[in-house]
Amino acid sequence: MTTDPDQHLVRAALGGDLRAFDQLVERHRDVVFRVAARFAGSDDQAEDITQDTFLRAFHRLECYRGEAPFRTWLLSIAHNTAVTYVTQTGRHATQPLEAVRENVADSVAVGGPAEQLERRERLARLDTKIKGLGPRHRAVLVLRDIEGLSYEEIARITDAPLGSVKARLYRAREEFVDVLRHNTYDWELPR
């Protein structure tokens, strides 16, 4: 078993303590929702994926072996649930990147109304560009650069070899920078 701070809650939940599982949901709900939102369309769809993820986790909790942190195992379920949803519905992400918005909320509030409007518009265009990436590239880019997960965690979540994760991330960043370069109005990147 790992030195995961969730281990005691997992053991308690396996022993029948539903409050322990509720605590796991509270701890990880936001990150599961953010991952779901990258793949889903609306907040309602992301919420459905989030609920389905926790339902699946609850019913499969005895399968959790503790070889990785609970969060990694849970995000693997969230990723697979979201990919299945997108595949079955044929939808593409339209949910704004809330994590990006949260990180820059303070900077948006700085300056006059015109500056604030320009920053909001740039964020919307950035969001659109990230959503334009393919699902595999978007997944690794979001998990690494927005959620801050390690390569090993991403490999477990996406069920891909570590080398593939690194290669996908490299290609995703390259593709993203290329998309940004072709719109010099938004971004001033060196050629």
Checklist entry - Taking R0 as 41 Å, what's the FRET efficiency between L180 and E47 from their Cβ-Cβ distance, rounded to 0.05? => result 0.85
Checklist entry - Quick one: putting +1 on the C-beta of Lys and Arg, -1 on the C-beta of Asp and Glu, what dipole do you get for the range 7-89 around its Cα centre, in Debye to the nearest 20? => result 320 debye
Checklist entry - Going highest first, how would you order 11-18, 76-83, 54-61, 123-130 by mean Cβ packing within 10 Å? => result 76-83, 123-130, 54-61, 11-18
Checklist entry - Say each of Q88 and C63 gets a label point 7 Å from the Cα, pointing the same way as Cα to Cβ; how far apart are those two points in nm? => result 1.5 nm
Item to check | Relative contact order [Cα under 8 Å, 6+ residues apart], the range 7-89, whole percent | outcome: 31 percent
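Just so you know, all these numbers are worked out from the coordinates, no wet-lab data involved. Just so it is clear, the model here is predicted, and its values are computed rather than measured. FYI the Cβ positions are ideal-geometry reconstructions off the backbone, even for glycines, and counts take in every protein chain you see.
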